[in-house]
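These notes concern the structure reproduced below.
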Amino acid sequence: MPSERKYLVTGGTGFLGSALVKAMVDRGDDVRVLDNNFRGSASKLGEAYLDKIEMVEADIRDAGAVDEATKGVDMVCHLAFINGTKHFYEIPEVVLDVGIRGTQNTLEAAIKHGVKEYVFASSSEVYQTPPSVPTDEQVPTCIPDTLNPRYSYGGAKLIGEILAFNYGRKHFDRTLVFRPHNAYGPDMGFEHVIPQLALRMRRAAAEAGGGKIPFQIQGDGSETRAFNNVHDFIAGLLLVIDKGEDRNLYHIGTNEEVSIRDLVLKIADQLGVEIEIQSTPRPAGGTPRRCPDISKLQGLGYEPKISLDDGLREIVSWYADWADRHPEKALELSAI
């Protein structure tokens, strides 16, 4: 049965946004998408889904466009942001502008049009280097160095959380914040660790022509992350949307923690190459260890199902196929 509720998803042609939109459509929801395709593309949705949604192509910083897109919806799911570490360092002022102005625009439009439910996509970057791991939702948030442009993203997300909860205090029946933790999957873009490693490794293997390949990584590889497959992530996000409690935040991720060194070796195994890892200096602002405590979301019924090995098999294969179809672009990206 089709849902009687209408949702606005900002950033709905991005990696996570498009996955959410497709899952919503599959269960019969009425969805409107707002995105300017800066990092996403309507092709991520495909014609089958584009025919079932209302698409608004606009910049989240355009208050008039956001206002128009918000009319008649029951919930705003605000995912529009500029992600990607490369962007944090190169265009931090744009990251901040999109993040802060975009969030204010969506909140003000929701209030104006009587929307009573608001969902904000935050990030694990708001607490940067956590004092405890696994990390729960109550950990103190921290931007350790305002001079470092990396924190443009985490800073904008932290401001967004504060804006959402405090606007929501008076105006919304439910205000929900979720923090994704290293969601990954096919077609996730090229500014993230798994695609970058896979593309660089394929190029190194091709240039070496066989034998053990020297392969450089940032840091010594002891840093850890918990990579959350996009299918599991969306299952968790739908639980937050459907069952989350007002003025609560939820970590969405997995507790399968892995070192970057082991991740690199797993990707090498998927590609069928033998590598010799070489350490290089780690950029300032990196986090030594990150893994979420997901017990709060588990209380809503969440349980991640896809192992990292299975998920890597899918994503490494996808990027290998993409590189074969776009050899010149793959060569350019593998030099990053």
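Here, each number is a calculation from the coordinates, and none is a lab measurement. Here the structure is a predicted model, which means the values were calculated and not measured. Ideal geometry is used to build each Cβ from the backbone, glycine not excepted, and the neighbour counts take in all protein chains shown.
Ranked by the mean number of other Cβ atoms within 10 Å per residue, highest first, peptides 11-17, 44-50, 179-185 order as 11-17, 179-185, 44-50. For the pair Glu207 and Asp321, what calculated FRET efficiency results from E = 1/(1 + (r/R0)^6), where r is the Cβ-Cβ distance and R0 = 30 Å, to the nearest 0.05? So, using R0 = 30 Å, E works out to roughly 0.90. Excluding same-chain neighbours fewer than eight residues apart, the aspartates and glutamates reachable from Lys112 by a Cα-Cα span under 17 Å are Asp62, Asp67, Glu68, Asp74, Asp173.
Both radii were evaluated on the Cα set of the range 149-254; the Rg over Rh quotient, with Rh as the Kirkwood radius, amounts to 1.12. Setting aside same-chain residues fewer than 8 positions from Lys243, which lysines have a Cα under 23 Å from its Cα? List returned: Lys6, Lys22, Lys116, Lys157, Lys170, Lys296, Lys305. Helix-only arithmetic for the chain: the sum of -39500 (n - 2.57) across DSSP H runs with n ≥ 4, divided by the residue total, places the mean residue ellipticity at 222 nm at -13500 deg cm²/dmol. Among complete DSSP H helices in the chain, those whose alpha-carbon atoms stretch at least 18 Å along the helix's long axis and whose mean Kyte-Doolittle hydropathy reaches 0.0 are 92-112, 193-208, 230-243. Sorted ascending by nearby beta carbons within 10 Å, beginning with the fewest, Met75, Met55 become Met55, Met75. In the chain, the DSSP beta bridges split such that about 10 percent are antiparallel, to the nearest 5.
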